[in-house]
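The values are calculated or read from the model by the stated rules, or taken from the named source; none is laboratory data. Since we're looking at a predicted model, the values are computed, not measured. Neighbour counts are summed over all protein chains in view; Cβ atoms, including those assigned to glycine, are modelled from backbone coordinates with ideal geometry. Please note that ligands, DNA and RNA were not included when accessible areas were found on the heavy atoms of the full protein model with its side chains. Shrake-Rupley method; radii C 1.70, N 1.55, O 1.52, S 1.80 Å.
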Amino acid sequence: MAADSSAPSETALSVAQQLQQLNTARKVVLENNSYYDKIVKGILPIIGHNAALELRRWGAEFLAESLATPVLRMSEKENMTVAVLETLRGLIEGADEDMIVLKASVAAAASAYPVALRWIIHNSYHTESWEHMSAIKSKILQIWDGAPVPVKLSCIKFAQRVVLAQTMSNGMEQKYGGLDISLNMIPPNHPLLDPRQLEAEATGLLDRMLGVLQDNSSDAPLVDATLNCLSILMRTRPSTSNRILNTVLNFNPLKLANSPMTPKTRVLVKSLEKTTRLFLTHVLKRDPGNPMAGRIQQYIERLIRSRAEIFDEAGRKRALADHAAASLGDAKRQKTEGGLAQVVIPPLGPGPHTLAAVFTLTNNLGLAAFDATQLPVNLAAKISVRALVALDKKVLDLAVSGIRDRLTSLHAAAAVAAAATQPAEINAATAPLGVDEDDDDYEPDLTPAEDTEQILNKLDNAPPEEPMPNADAGAPLVLGPFKLPPPPTLDPNVAAKLSQAAASRVFGPLSSLKEGAPLRKPKAGINRLAASSYDRDSWLTLITRLATRSTAGLEDVNSGIKPEDAGSALDRPRMSLGDTIREILYNYILEDWRRRIEIAVAWLCEEWYNDQLTKRSGSDAPLHYENCALRLVDGFLSYITAQDKVLTRFLAEIPELSRPLLGKLKALCADPTTVQLALTTLLYLVMMRPPVRDIALDTVAEIWAEYEDARPLAAKYLVKWRPGFIESQAHGTSAPAGNNMAIAT
Amino acid sequence: MDPASGSEGSSAPAQNGQPEDGSGFKLKFCTVCASNQNRSMEGHLRLAQANFPVISFGTGSLVRLPGPTVTQPNVYKFNETSYDSIYRELEAKDPRLYRANGLLNMLGRNRLIKWGPERWQDWNVGMPRVKHEKDKGSVGMEGGVPDVVITCEERCWDAVVDDLLNRGSPLNRAVHVINIDIKDNHQDASIGGGAIVDLADSLNKAAMEEREKVGAAAFDAGGAASRASFDERVPEVLAEWQQRWPDLPSTWTLSWF
């Protein structure tokens, strides 16, 4: 815009000012691409071949940029391109043109060429623009050889675009920037364009481009520039790819390495080698199925080796790494996905098969023998859905195709068998002419005439050799809501039996747990945690607590938890869990009571503690301690002998003693051998447990009174601990309060 | 600007800060590393401070930053995550760790340079970058096409060259792609940044000398090394630079946008 208005007054402004205006104009188009057409056309008069060098440079570079811009579509560029051609021609044809102007102008021409060609294809009347384009082309091809390197680079690129536009495309690339313009678009009868001639020209230009590789040039910028613009031809122009590949594979990028290695040659050799290698790697990656892939791979590997030799100081490690990467793939990104799971589908042997056998894919005999019909349909459906969700699709495909193959071969075998058994009734209407029915060479056609579906139907209709699973093929495959069948109603007797069994299982571990070794048992101290050592003792602690406390608080008769159960069939035979365990625990202790007296003590301690808790809570749940203690004492008193000092210990250690409990000892005195034990035990209690001294002495007194045999010993203790008792008994008066006496002693 | 007219070409004022001006000519650069965070951004900043037009990219699939352990990197998407948001996220996660390993410092620098990490492969070359005025090094980069791409790792160079082969060179515009192997840590990135500026200065000098030659003289004397063009002199300049920076192995090729 600014440039537009400045055009007529060009002479009035300095070059610097004009450049500044041009830059402003450029910013405008960069910001808003709808101005491109206007501004490009507007600046053409300013940058023509008669303008100042600075302006021509700026102009050529601006044209190159504008004609290449990705913001405009091909159709939007057409108008602009055609308008620019004349100026472009002027710049390129200008005698002794500046290198930078030429470089940019040729680049602009490269961008313009496909667009102009497309324009001519559709607007053949416009001969003038094709004339300009042709002139530009011939001038570029003319200066190509003698031009300085930057211009040469642009010429290479221009030639590449001409080749691209004038060869047949495989239609693989639909891209912006005119890469998709090809010979395919030119109609054979075009008045200006002769496709055969254009294609011949393209072939010639490709050869000329590849010349730099064929000559094995070490002019790195030219070789790199050529290699780096060949990939699009390789990919999209099949007629060029063999030519290109052969040339590149015959090129030796390391030739320069034979000359003395200066820092510059090192840069050049490295550049040529890597550029060649990357180009081939790219080709291999894009087209792994290329028939020349093997050659390319070899070439790449050879390059890596040679390079490692040439740059062996720094190259060693890198080459090895590269090599490893080439042969093994990127070590950092190894594929974790393993190969397909080995699913082998064994073919069926000869002979009749059940439908189940046809569908059995496992080699495991046990599994194969499993009768799936035993499963309820609901469950089978659930399992199937789960399995299908988790199954790899490839495995499923493999299995399906395996089954299909089996069916096919089965069908074929059946056909053969049928042919063998019933000597062919040849249908005269369908029998091929000239086929003798006993022709020995006759090979039955093994491909089935029916499809798998039909074979399956046939198999379905065949009399089943075993009851079919509830496979209702027609049933809709909708899963109804699945409900577990209700459990059978529980018989109270069975329930009681089961809970007893459950309780006895609690004692199972005791037989396997080792006896605690008392010798190495450290004193755990008062802060120890019960049942934390995971040995037999811990387990016993657990059992005793299960017995005493598991139902604590649930036994409250008046709590109203189970009023409706009262008197029901369930109620009577039932024992609470605690009672069941108590029962078993009791039996367990009595089995070997001498050694398990400690357990008894521990148990009673727990019972006593639990009773205290119950009392404190004020509920009227039953108390257990007294009953258990009496029962235990009853239990082992009948087996006791004179040597069983454990009795003394037991009575000394249990937390509470009562008159009835000590009264049990009197029974021992009926047997003269155990009198001593009973009385010694009582004496021990008198001496060591002052709170029960009175009860104990009372018991001794009772013994003295009741058992003649025990009297001498009892008298001896009574004399010592209750002086005057015997005398009072003798006189028929009982001591009023033994308590005072005891305290007096 | 002096209104006086008539002075042509080489006599134009030298230091007017206008990159487009002939004498103040500046090559346009592009720095590339894996995540567009450390090495390429150090290069970006240093080149911008040296008044070069510059943009920067990463070639990785995702932006990866170190996390609390090797197996727990912090991962972000290119083009969608700003340096500022990453900064704030990491600061909230573990300010002590990310300050100690220099990440916050680096992100704090980056968010002053441009909005966020950009991915090379997603870059539409030649798209005008007029909306990036606040980016450092944006002046002169409006056209969106650099003259030289500098990668900071061989892997990135391979990715860039391969990507250019893939694009099929629609713009017909030559570009020098140079790799400088820089280790991915803050100290080496800083050294590498200095080396990149040194290389840029050397290349720019060669380019300016090319532009000072006028007309037919250059055309005729194409063979003489001293008068050779910029494109020819790039390997030579790189070789000289390599002598100065022997610990930063380099690779170069000439490719096309």
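The table below gives the values:
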{"quantity": "Where B:Met106 falls short, out of the listed (1) at the interface with chain A (Cβ under 9 Å from one of its Cβ atoms); (2) part of a helix (DSSP H, G or I)", "calculated": "(1)"}
{"quantity": "So A:Arg196, is it without any contact (Cβ under 8 Å) to a residue 40 or more places away in the chain and either within 26 Å of A:Met74 (Cα to Cα) or within 12 Å of another protein chain (Cβ to nearest Cβ) (or both)", "calculated": "yes"}
{"quantity": "Hey, A:Asn50 within 60 Å of the chain's Cα centre (by Cα) and surrounded by fewer than 22 Cβ atoms within 10 Å (Cβ to Cβ) or not", "calculated": "no"}
{"quantity": "Matching residues in the range B:58-74 - criterion: being in contact with a helix residue (DSSP H, G or I) (Cβ under 7 Å, 6 or more places away or on another chain) and surrounded by 24 or more Cβ atoms within 10 Å (Cβ to Cβ)", "calculated": "B:Gly58, B:Thr59"}
{"quantity": "Extreme residue, modelled with the lowest pLDDT, among residues of the range A:56-98 that are in a helix (DSSP H, G or I) and among the acidic types (Asp, Glu)", "calculated": "A:Glu76"}
{"quantity": "Selection count where residues are open to solvent by 10 Å² or more (accessible area, probe 1.4 Å) and touching a helix residue (DSSP H, G or I) at 6+ places or on another chain (Cβ under 7 Å), scope the range A:248-265", "calculated": "8"}
{"quantity": "Residue count for the range B:79-106, restricted to those that are under 18 Å from the mean Cα position of the chain (by Cα) and open to solvent by less than 50 Å² (accessible area, probe 1.4 Å)", "calculated": "1"}
{"quantity": "Filter result for A:Asp145 (within 13 Å of another protein chain (Cβ to nearest Cβ) and closer than 29 Å to A:Ser218 by Cβ)", "calculated": "yes"}
{"quantity": "Options A:Leu657, A:Leu685; residue that is surrounded by 16 or more Cβ atoms within 10 Å (Cβ to Cβ) and assigned to a helix (DSSP H, G or I)", "calculated": "A:Leu685"}
{"quantity": "In the range A:150-171, the residues that are more than 11 Å from chain B (Cβ to nearest Cβ) and open to solvent by 10 Å² or more (accessible area, probe 1.4 Å)", "calculated": "A:Met168, A:Ser169, A:Asn170, A:Gly171"}
{"quantity": "Any pair with Cβ under 6 angstrom, 6 or more apart, that starts in the range A:264-281 at a residue that is within 7 Å of chain B (Cβ to nearest Cβ) and ends at one that is open to solvent by 10 Å² or more (accessible area, probe 1.4 Å) and charged (D, E, K, R)", "calculated": "A:Lys264/B:Glu236"}
{"quantity": "Close pairs (9 angstrom Cβ cut-off, 6 or more residues apart or separate chains): without any contact (Cβ under 8 Å) to a residue 60 or more places away in the chain and under 15 Å from A:Thr360 (Cα atoms) in the range A:386-409, open to solvent by 90 Å² or more (accessible area, probe 1.4 Å) and not charged (D, E, K, R) anywhere", "calculated": "A:Leu396/A:Leu388; A:Gly402/A:Val344; A:Gly402/A:Pro347; A:Ile403/A:Phe359"}
{"quantity": "Top-ranked residue in the range B:145-175 [being more than 8 Å from chain A (Cβ to nearest Cβ), under 24 Å from A:Lys157 (Cα atoms) and part of a loop (DSSP other than H, G, I, E, B); ranked as most open to solvent (accessible area, probe 1.4 Å)]", "calculated": "B:Asp147"}
{"quantity": "Among (1) at pLDDT below 85; (2) closer than 21 Å to A:Pro660 by Cβ; (3) crowded, with 16+ Cβ neighbours inside 10 Å, the one test that A:Phe725 misses", "calculated": "(2)"}
{"quantity": "Selected residue [in contact with a Lys or Arg (Cβ under 9 Å, 6 or more places away or on another chain) and surrounded by fewer than 21 Cβ atoms within 10 Å (Cβ to Cβ)] from A:Gly90, A:Gly94", "calculated": "A:Gly94"}
{"quantity": "Inter-residue pairs, beta-carbon under 7 Å, first over 12 Å from A:Trp58 (Cα atoms) and in the range A:97-117, second open to solvent by 10 Å² or more (accessible area, probe 1.4 Å) and aromatic (Phe, Trp, Tyr), 6+ apart", "calculated": "A:Met99/B:Phe219"}
{"quantity": "Count of residues meeting criterion [at pLDDT 90 or above, touching a Lys or Arg at 6+ places or on another chain (Cβ under 8 Å) and more than 13 Å from A:Phe251 (Cα to Cα)] in the range A:294-310", "calculated": "1"}
{"quantity": "The range B:126-142, subset more than 14 Å from the chain's Cα centre (by Cα) and more than 7 Å from chain A (Cβ to nearest Cβ), residue least open to solvent (accessible area, probe 1.4 Å)", "calculated": "B:Arg129"}
{"quantity": "Residue check for A:Leu284: within 13 Å of another protein chain (Cβ to nearest Cβ), open to solvent by 20 Å² or more (accessible area, probe 1.4 Å) and under 19 Å from A:Asp215 (Cβ atoms)", "calculated": "no"}
